[in-house]
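Remarks on the structure that follows.
Read-outs throughout are calculated quantities, based only on the coordinates presented, and are distinct from any laboratory measurement. Everything numeric in this text was worked out from a predicted model, so none of it was measured. Here Cβ is always computed from backbone atoms with ideal geometry, including for glycine, and neighbour counts include all displayed protein chains.
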Amino acid sequence: MLFLSLNKQFPFSLNHLSSGIFCSKNAIFSVPKVIVCFILLLPGYSLYGRSIWVSLYNSRQVHSIVVSAYNGPLTVMADGGLQYTIATGQAVYATLRDGKIWISNMQGQEGSFERLTVQGADSSTIVRLRPVSPQSEARNYEGTVSLGAGVDRIQLINRIDEDRYIAGVTEAEAGQGRAREFYKAKTIICRTYLYGHIDRHENEGFHLCDEVHCQAYKGQCRGRNILPAVVATRGIILTDRTDSKPILAAFHSNCGGETESAQNAWQNSLPYLTPVTDPYCNSSPSARWQKTISLDDWIGYLVKNGYKLDPNTVTDFSFQQLRRIPNYTVDKFIMPVRQIRTDWQLRSTFFSIAVEDGNVVLRGRGYGHGVGLCQEGAAEMGRRGFKYGEIISFYYKNVNLVPVNTLQIRVPEFD
């Protein structure tokens, strides 16, 4: 049972509606039918304080969600100019039904709309969202949150100030409790990714989604060192010295002592993503891992992928990877280590193989694809007193730090 509440009197007014139906028993309202639209009429952009539009819970088809007010009341704007308030600590239940969003309170009063916009009076007021169908974790959002009636989901869009978006991404990707210089480097990387992919979802009515396919974003940033780092690096991104375009600002959790090249990882040669020997991440728990597979299963796997087994030959399936190399080789058989990582769900491609007691033991290093900035290594550099420029230049070669407003980058605007 969901416990939902608005103000003591459900604050809909017939004066706000040019036409509609009022049912005093259930307080059900209807507004004139319009084309379903996911995009709200909102102001444009300024150089700093630009609004970023982010699709929330993007990988989930949210059909029902609880919207509540935290640390201050929320103003809700609905179809036809209707406005009302959700008081602090109170909530509404929104669900998609028959092509509209129905909102209700604990008294059973309801209203149906094509779209809703929820926002606080200032940046300290938080919009709290908790999907209930399907269930997902609750998150807090600054800025404005819109709810639009999609085909088979509630389309949730957070219109958030660029600085606060970058802070939220930085915390989601790197966590709390790191040195400020590390966060400065990380915010530049997140901002570079933003502007390098800012038109990725243009046809869907937003800039980026909140999944790792764009950048992980879980709403409000609470790490005290992060937003100051965003402000300190405001507007700065990384560009390739050869073409002055935003770089592919790749990063990962732990490189295991050596970063990977873009060529090996993705067959895409990029001069700024080349291997770097990294001594800073080796003491992290993510620096080492191990997986054991039976020798029979390993041989069966190789045969399935084209290996010709000779029963009359004793084959050595061991493999040494002291430095990162792209392929596993046994006899004349060659297999990309990235395929092995995918097929066996390994933490990284940086592993060696030993045959022990009828098993194949994979002893690996690092966590992630290994390309670009190693987050745990960079965090250790920050702890040791390295400046953000030194951290960036250690992991990315042949790059420049430049103000984004000096570049010709088209930023989609939504009306």
If I model a spin label at Gln83 and Lys218 as a point 7 Å from the Cα along the Cα→Cβ vector, what separation in nanometres do I get? 3.5 nm
With the contact rule set at Cα under 8 Å and sequence spacing of 6 or more, what percent relative contact order holds for the chain? 16 percent
Likely footprinting exposure, Tyr217, Tyr70, fewest C-beta neighbours within 10 Å first: Tyr70, Tyr217
Order these by the 10 Å Cβ neighbour count, fewest first: Leu407, Leu248. Leu407, Leu248
So which residue, out of Ala378, Ala138, Ala179, gets the largest mean-square fluctuation from a GNM of the chain using Cα contacts under 10 Å as springs? Ala138
Structure-derived Rg and Dmax of the Cα atoms in Å - corresponding label in (i) 25.9, 89; (ii) 20.8, 68; (iii) 21.7, 70: (i)
Under a point spin-label approximation (7 Å from Cα along Cα-to-Cβ), what is the Val411-Asn71 distance to one decimal in nm? 2.4 nm
Please list the non-local residues whose amide H lies under 5 Å from the amide H of Phe251, H modeled 1.01 Å from N, same-chain partners needing a gap of 5 or more. Leu373
Set of aspartates and glutamates with alpha-carbon distance to Lys100 below 16 Å, sequence-local pairs under 8 removed: Asp79, Glu110, Glu114, Asp152
What does the charge count near Tyr193 come to, summing +1 for each Lys or Arg and -1 for each Asp or Glu among other residues with Cβ under 12 Å from its Cβ? +2
The relative contact order of the range 286-365, taking Cα pairs under 8 Å that sit 6 or more residues apart, comes to a percentage of 42 percent
What is the ratio of the Cα radius of gyration of the range 279-415 to 2.2 N^0.38 Å, with N the residue count, to two decimals? 1.45
Within the set of other residues whose C-beta is less than 13 Å from the C-beta of Arg363, count the net charge using Lys and Arg as +1 and Asp and Glu as -1. +3
Computed label-point distance, nm, for sites Arg97 and Ile293 using a 7 Å Cα→Cβ extension: 5.1 nm
Residue exposure sequence - Asp122, Asp278, Asp331, Asp163 - by fewest surrounding Cβ within 10 Å: Asp122, Asp331, Asp163, Asp278
List, in order, the whole-Hz ³J(HN,Hα) value for each residue of the range 368-380 obtained from phi through the Karplus relation with A = 6.51, B = -1.76, C = 1.60 and θ = phi - 60°; use x for Gly and Pro. x, 6, x, 8, x, 6, 8, 5, 6, x, 5, 4, 5
Among the listed pairs Lys218/Lys245; Lys186/Lys291; Lys245/Lys387; Lys291/Lys332; Lys245/Lys397; Lys218/Lys397, which have their C-alpha atoms separated by more than 20 angstrom in this model? Lys218/Lys245; Lys186/Lys291; Lys245/Lys387; Lys291/Lys332; Lys218/Lys397
Long-range amide H partners of Cys221 with built H, under 5 Å: Gly168
Report Rg (one decimal) and Dmax (nearest whole number) for the range 286-365, counting Cα atoms only, units Å. 12.1, 40
MRE, 222 nm, helices only [DSSP H, n ≥ 4, -39500 (n - 2.57), over the chain, to nearest 500]: -5500 deg cm²/dmol
What percent do you get for the relative contact order of the range 152-224 when only Cα pairs under 8 Å and 6+ apart count? 40 percent
Connecting every pair of Cα atoms under 10 Å apart in the chain and solving the GNM, the largest mean-square fluctuation among Val145, Val276, Val169 falls on Val276
Looking at the chain as a GNM with Cα springs under 10 Å, which of Thr192, Thr274, Thr242 has the largest mean-square fluctuation? Thr242
Lys and Arg at +1, Asp and Glu at -1: neighbours of Lys245 with Cβ under 15 Å from its Cβ sum to 0
